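First the structure, in the form of structure tokens, and then the observations on it.
The values are calculated or read from the model by the stated rules, or taken from the named source; none is laboratory data. In this text, all values refer to a predicted model and were calculated from it rather than measured experimentally. With ideal geometry, Cβ positions are generated from the backbone for all residues, glycine too; neighbour counts draw on all protein chains shown.
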Amino acid sequence: VIAVITDYGTRDFYAGVLEGSILRIDPEAHISTITHEVEPFDIREGSYLLAQAAPAYPAGTVFVTIVDPGVGTARRPVVLRATDGTLFVGPDNGLFTKVMHVMDISSAYEITNGELVRPESATFHGRDIFGPIAAHLGRGLDPAAVGPSFDPATLVRLDETAPAVRGDTLTGEVVHVDRYGNLISNIPAAMAASLHARDEFTMVVGNVAFPVRVGMTYGDVRERELVVLVNAEGVVEVAANMASASSLCGVRAGDQVSLAPAMSSPETPAAG
Amino acid sequence: VIAVITDYGTRDFYAGVLEGSILRIDPEAHISTITHEVEPFDIREGSYLLAQAAPAYPAGTVFVTIVDPGVGTARRPVVLRATDGTLFVGPDNGLFTKVMHVMDISSAYEITNGELVRPESATFHGRDIFGPIAAHLGRGLDPAAVGPSFDPATLVRLDETAPAVRGDTLTGEVVHVDRYGNLISNIPAAMAASLHARDEFTMVVGNVAFPVRVGMTYGDVRERELVVLVNAEGVVEVAANMASASSLCGVRAGDQVSLAPAMSSPETPAAG
Amino acid sequence: VIAVITDYGTRDFYAGVLEGSILRIDPEAHISTITHEVEPFDIREGSYLLAQAAPAYPAGTVFVTIVDPGVGTARRPVVLRATDGTLFVGPDNGLFTKVMHVMDISSAYEITNGELVRPESATFHGRDIFGPIAAHLGRGLDPAAVGPSFDPATLVRLDETAPAVRGDTLTGEVVHVDRYGNLISNIPAAMAASLHARDEFTMVVGNVAFPVRVGMTYGDVRERELVVLVNAEGVVEVAANMASASSLCGVRAGDQVSLAPAMSSPETPAAG
């Protein structure tokens, strides 16, 4: 399986040409599109989506991840190998920052072997390098054949704001707003034990406070009411039942968020 | 073939994780995406799209349909079986209302067999339940193995407004506005015989009337002119040639619509 | 491989039904979606995207291209065959204009064989004709079996504005604005030799002039600065680093563009 994440969008020929470049080498390749809708140039979002998707796929999957505003400049094209045989192909520009938290990356290779790639353009390395390399790897090529190995510790890393807990107050960052408008934080379940001792918290973003009820799932609150829960990926998320929490609260990816016990909680009855 | 309809969108990792959850169980699964772009939480639209798509696929296809605002609450996860072997997987929240008009559903099963699914989260049953069950069914699992059977007549049904004909006037509901802005009604061809005896009708939506010409296809009228026809799915549709009837008329899905013979028709020449 | 370009969008059941109509005939068909997001009714855009994508796929691929506002009218449904065995299926309405510049089309057939298609509706030939024919061709059907051959020179052609060079000034048309906002012209590399003798040009669109720096790739200029380069497809493109040139300049597909040497170039330092 070759699984693909890009910021190519779905209106141009780029996604098709990437698939074509894989199928020219392996017409039997099984290509699974995770998304082509990463915000253009948003390496951080691409990194987040890769880390969320990768653990769901079978071991041995080849992931091609391309968000590459620096295409044609000095950034390295690379292949990473995880201990379970899963492979990652893409530019070394920070895209692999978050997947390294959830997969055990044991080796890394810089793509230099000109025999495996297409004579290289300066602006479309998906077609010329990353697609063909993924196709070869999917057919069983040893990743060491793409070029010299290097220490994965030298991969480019994005800055990340660490989540924190002080008393019963949690602080972190909204790392993603999904299609439903759910606010997904970087606060892990392990920091969120205090959530389950109370019925209601106050979410503060900037200078604005919002009451949020503690729940297990979206349907635990009334329509358009806010709920804070530990989601299926094991992190704290604030959502609205049948509505967009992002729109209701004006919160976006990158915003800092805190969750503090509500003053009168847990004695308060359900909010209106 | 496993065919997929969801409201997951294509910007997040959800569609990819659903595919990954299928491929982990059956790396050879042939997955066909019908759409991930159902309006979030819109069970009615999901139900409509499933009913339109299902008859086009080969008998034996496994359809996974997920529009599931009640995920993690008491609604049942189910598998339905049609007499031709086609299978349907999803939440029992009304999603199967319309497909039951076009496919002969002969048996139904509630998914309770914990050995076939992933330890269940409260918010992502696509990954934990529906994807894995679809993969097992695609590999030939007997649907009776997922859990106890129940009477399909007990499945949750959406309210539906029946179309009607009185004299030569047709009334019904706009059940869908498609990408082109075509207004697709729930009025079947069998009720629309009066259309073909005239050249022009008046479409009334709310308090507004629009002249529409009777045609066989979009190109039968001038650009931006309205045409009423029986479409490829066998229902009455109002479209505009090379333009959006929805934008021209301000009509949306859910609107009630009537089509009455135009006063002066059929003597009137083509409208301007 | 069956590769698909349509204007069906991804919110309706049309793309799924097209896939279903292929899979009913060949459940093993390997379908690659290039895009369903051609602007509705935009034959010119469909033609452009097909010409860009086709050379990237393996020889022998079957391309299904459907942008068909005239569905059900007299325009011919056709199959084209290139000398390398690649096949093209779709309506003869100009869609094949641009692919004929990059592929050697040696024969053409009008689809008339009623045994290969579904009883035909007036509005959905993707499901009834083009999908089934593509599936049969993908399984090895001789294209001559679809119907009588005709001279490819009689295919409908779109008007095209020729690019030109006079002195060091290039003129042409913006044939596409991609997802990143890059302005892709129809000026080929062969006409663009003068670009590389200078550091800066002036792009004129309508009455407005913009300074653009000459580069090899997007990262050669500062963020939000304009760069003109020969892109991976071998044509002149104007882009902005980490931004949308289309938004910055208000330029759209179809606009006429000229690129003239900047007055003071090449002595000018980098623009601010």
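Only a single item in (1) more than 14 Å from chain C (Cβ to nearest Cβ); (2) in contact with a Gly (Cβ under 9 Å, 6 or more places away or on another chain); (3) surrounded by 19 or more Cβ atoms within 10 Å (Cβ to Cβ) is not met by residue A:48, and it is number (2). Do the conditions hold for residue A:65, that is, is it away from chain C (no Cβ under 14 Å) and free of Cβ contacts under 8 Å to residues at least 40 places away in the same chain? It is false that residue A:65 is away from chain C (no Cβ under 14 Å) and free of Cβ contacts under 8 Å to residues at least 40 places away in the same chain. Each residue in segment A:1-21 was checked for being among the hydroxyl-bearing types (Ser, Thr, Tyr) and surrounded by fewer than 22 Cβ atoms within 10 Å (Cβ to Cβ), and 1 of them qualify.
Please indicate, with yes or no, whether at least one residue in segment A:145-167 is within 14 Å of chain C (Cβ to nearest Cβ) and surrounded by 15 or more Cβ atoms within 10 Å (Cβ to Cβ). There is no residue in segment A:145-167 that is within 14 Å of chain C (Cβ to nearest Cβ) and surrounded by 15 or more Cβ atoms within 10 Å (Cβ to Cβ).
Among (1) surrounded by fewer than 24 Cβ atoms within 10 Å (Cβ to Cβ); (2) within 14 Å of another protein chain (Cβ to nearest Cβ); (3) in contact (Cβ under 8 Å) with a residue 12 or more places away in the chain, there is one condition residue C:113 misses while meeting the rest; what is its number? Against the list (1) surrounded by fewer than 24 Cβ atoms within 10 Å (Cβ to Cβ); (2) within 14 Å of another protein chain (Cβ to nearest Cβ); (3) in contact (Cβ under 8 Å) with a residue 12 or more places away in the chain, residue C:113 comes up short only on (2). When residues in segment B:131-144 are screened for being surrounded by 12 or more Cβ atoms within 10 Å (Cβ to Cβ) and either in a loop (DSSP other than H, G, I, E, B) or without any contact (Cβ under 8 Å) to a residue 12 or more places away in the chain (or both), 2 of them pass. Would it be correct to say that residue B:187 is surrounded by 20 or more Cβ atoms within 10 Å (Cβ to Cβ) and farther than 30 Å from residue B:26 by Cβ? When the stated conditions are applied, residue B:187 passes them.
All conditions but one from (1) surrounded by fewer than 24 Cβ atoms within 10 Å (Cβ to Cβ); (2) modelled with pLDDT of 95 or more; (3) under 20 Å from residue B:9 (Cα atoms); (4) at the interface with another protein chain (Cβ under 7 Å from one of its Cβ atoms) apply to residue C:24; the one that does not is (3). Restricting segment C:116-163 to residues that are of a type in the set (Ser, Thr, Tyr) and closer than 29 Å to residue B:221 by Cβ leaves a set whose member that is modelled with the highest pLDDT is C:154. Note on segment A:215-229: residues that are hydrophobic (A, V, I, L, M, F, W, C) and surrounded by fewer than 21 Cβ atoms within 10 Å (Cβ to Cβ) amount to 1. Per the conditions (1) touching a residue at least 40 places away in the same chain (Cβ under 8 Å); (2) under 16 Å from the mean Cα position of the chain (by Cα), the sole criterion not satisfied by residue C:212 is (2). Within segment A:69-80, the set of residues being touching a residue at least 60 places away in the same chain (Cβ under 8 Å) and buried (at least 21 other Cβ atoms within 10 Å of the Cβ) comprises A:78, A:79, A:80.
Scanning segment A:9-21 for residues that are in contact with a Pro (Cβ under 8 Å, 6 or more places away or on another chain) and either closer than 21 Å to residue B:11 by Cα or within 11 Å of chain B (Cβ to nearest Cβ) (or both) returns a single hit, A:9. Here residue A:57 meets the list (1) at pLDDT 95 or above; (2) over 21 Å from the mean Cα position of the chain (by Cα); (3) among the hydroxyl-bearing types (Ser, Thr, Tyr) almost entirely, failing just condition (2). When segment B:192-208 is filtered for residues that are surrounded by fewer than 17 Cβ atoms within 10 Å (Cβ to Cβ), modelled with pLDDT under 95 and within 20 Å of residue B:251 (Cβ to Cβ), the ones remaining, listed by number, are B:206, B:207, B:208. The number of residues in segment C:162-187 being over 15 Å from the mean Cα position of the chain (by Cα), within 24 Å of residue C:53 (Cα to Cα) and of a type in the set (Ser, Thr, Tyr) comes to 1. In segment A:171-272, counting only strands (runs of 3 or more DSSP E) that sit wholly within it, the ones holding 3 or more residues that are under 26 Å from residue B:125 (Cα atoms) and away from every other protein chain (no Cβ under 14 Å) span A:183-188. The single condition among (1) free of Cβ contacts under 8 Å to residues at least 60 places away in the same chain; (2) within 16 Å of residue B:5 (Cβ to Cβ); (3) surrounded by fewer than 21 Cβ atoms within 10 Å (Cβ to Cβ); (4) not hydrophobic (A, V, I, L, M, F, W, C) that residue B:90 does not satisfy is (3). Among (1) in contact (Cβ under 8 Å) with a residue 40 or more places away in the chain; (2) crowded, with 24+ Cβ neighbours inside 10 Å, there is one condition residue A:34 misses while meeting the rest; what is its number? So residue A:34 meets the others, but not (1).
Of all the listed residues (A:137, A:155, A:170), the sole one being within 30 Å of residue C:233 (Cβ to Cβ) and in contact with a helix residue (DSSP H, G or I) (Cβ under 8 Å, 6 or more places away or on another chain) is A:137.
The criterion of being under 10 Å from residue C:66 (Cα atoms) and more than 9 Å from chain B (Cβ to nearest Cβ) holds for residue C:6. With respect to the stated conditions, residue B:34 fails to be in contact with a Gly (Cβ under 8 Å, 6 or more places away or on another chain), β-branched (Val, Ile, Thr) and more than 7 Å from chain C (Cβ to nearest Cβ). Among the residues of segment A:237-253, the one identified as of a type in the set (D, E, K, R) and either surrounded by 17 or more Cβ atoms within 10 Å (Cβ to Cβ) or at pLDDT 95 or above (or both) is A:237.
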